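Some notes on the structure that comes next.
The values are calculated or read from the model by the stated rules, or taken from the named source; none is laboratory data. Worth saying up front: this structure is predicted, and the values here are computed from it rather than measured. Virtual Cβ from ideal backbone geometry, glycine too; neighbours counted across all protein chains shown.
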Amino acid sequence: MRPLANGFKSLKTRLIIGISVLVVIAIILFGIHLKNEHLVTIWISETPLQVEIRDTPSGWSRGLMFRKTLPENQGMLFIFEDSDFHSFWMKNTYIPLSIAFISASKEIVQIDTMLPLDTLNLHFPKEPVKYAIEVNQGWFQHHKIKVGDKVRGLNEKP
């Protein structure tokens, strides 16, 4: 009987260690996910806006896809490596959005409206931009934000 009990104890110990390792991995991955959802406050003119930052190709591609809601004073800030004619579309995006295209000098150069699930229309800036901000449709108009307004806090990362 003794060898069987020791074998069982060893198996039990291995199982506990295995589960503990999985829990630690899950916590680390969840922490990485939360880091990606971290909000930073930027200012457009004098209006604060909390944004999630997307500054990687995978982040740019995913954007606000698959979300059903976006809190009123929150948005997503896209930071690109270089100024260019970065395009956007609404594939798998259920929220009606407004997008501001922002130059490297941190000035809004264009604001567009984007319709949910519209995969037929691409939204291009009229000049090269380094940043873009997506918010709920009408947010810029509601806050009287317009082309020419300056954006502060764009260089902050979580």
From the list 72, 52, exactly one residue is surrounded by 14 or more Cβ atoms within 10 Å (Cβ to Cβ), of a type in the set (Asp, Glu) and out of contact with any Lys or Arg (no Cβ under 9 Å at 6 or more places or on another chain). Which is it?
52
Could you check how many residues of the stretch 77-93 are assigned to a loop (DSSP other than H, G, I, E, B) and either crowded, with 16+ Cβ neighbours inside 10 Å or at pLDDT below 95 (or both)?
7
Are there any pairs with C-beta distances below 6 angstrom linking a residue in the stretch 127-151 that is buried (at least 18 other Cβ atoms within 10 Å of the Cβ) to a residue that is of a type in the set (D, E, K, R), with the two at least 6 apart or on different chains, and if so which?
151/106
Identify the single condition in (1) of a type outside the set (A, V, I, L, M); (2) more than 21 Å from the chain's Cα centre (by Cα); (3) surrounded by 10 or more Cβ atoms within 10 Å (Cβ to Cβ); (4) modelled with pLDDT of 90 or more that residue 7 does not satisfy, given that it satisfies every other one.
(4)
How many residues does the stretch 101-158 hold that are part of a loop (DSSP other than H, G, I, E, B) and touching a helix residue (DSSP H, G or I) at 6+ places or on another chain (Cβ under 7 Å)?
1
Looking at the stretch 103-113, can you tell me whether even one residue there is closer than 21 Å to residue 58 by Cα and assigned by TED's automatic domain parsing to the domain that holds residue 43?
no
The correct count of residues that are touching a His at 6+ places or on another chain (Cβ under 9 Å), in a strand (DSSP E or B) and of a type outside the set (A, V, I, L, M) in the stretch 41-76 is 2
